[in-house]
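Notes follow once the structure below has been shown.
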Amino acid sequence: MNFTRRTLACLALAATIATPVFAQDRGNKDEAKAMADAAVEHIKKVGADKAYKDFTTDKAAWTKKDLYVMVFDGKGVALAHGANDKMVGKDMSALKDANGRLLVAGLLEAAGKGGGWYDYDWQDPLTKKMAGKSTYARKNPAGDGFVGVGIYR
């Protein structure tokens, strides 16, 4: 390909502009915790079935930046998943991170302690590389299990 100087300058400018936008498109720990707290309150307000449907399908209300809500029962079955509706109803209890750590068990443990963060490694959907991820998990007020929202570190 034969690029002109103007084309190369435009590409360089686009890359420079996109870098800060990329960082702004990432949620942080405070935002993730606030979303998990709001999700717990939403379950209490509208009931589990409606809330789970909302978390899975209402992207405008329950997806902010790269944050989304997930809900699992105490056996590891996905009840809601804002990033992948195909996971709903699936038993994910055996799901492990790149280091062999059980994800759902770790999140259930964090939620069982009154809420907390669980760190693991997961493929970043933007970069397609393994990255550190932290998920804030709270006990599901509608029964056993947890409500969680995660960030990439």
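A few remarks follow.
- Check on G148, surrounded by 16 or more Cβ atoms within 10 Å (Cβ to Cβ) and among the small types (G, A, S): yes
- Test: L67 is in contact (Cβ under 8 Å) with a residue 12 or more places away in the chain, crowded, with 18+ Cβ neighbours inside 10 Å, aliphatic (A, V, I, L, M) and more than 15 Å from G145 (Cα to Cα): yes
- Residue identified as in a loop (DSSP other than H, G, I, E, B) and at pLDDT 95 or above among A94, A110: A94
- Single residue of the stretch 114-153 satisfying the filter (out of contact with any Lys or Arg (no Cβ under 9 Å at 6 or more places or on another chain) and part of a loop (DSSP other than H, G, I, E, B)) that is modelled with the highest pLDDT: N140
A quick yes/no check of all residues on (1) surrounded by fewer than 18 Cβ atoms within 10 Å (Cβ to Cβ); (2) farther than 17 Å from D25 by Cα; (3) touching a helix residue (DSSP H, G or I) at 6+ places or on another chain (Cβ under 8 Å); (4) of a type in the set (V, I, T):
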site: V71; (1), (2), (3), (4): no, yes, yes, yes
site: D85; (1), (2), (3), (4): yes, yes, yes, no
site: G89; (1), (2), (3), (4): yes, yes, no, no
site: A94; (1), (2), (3), (4): yes, yes, no, no
site: M130; (1), (2), (3), (4): yes, yes, no, no
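The values are calculated or read from the model by the stated rules, or taken from the named source; none is laboratory data. Since we're looking at a predicted model, the values are computed, not measured. Glycine gets a Cβ as well: all are built from the backbone with ideal geometry, and neighbour counts include every protein chain shown.
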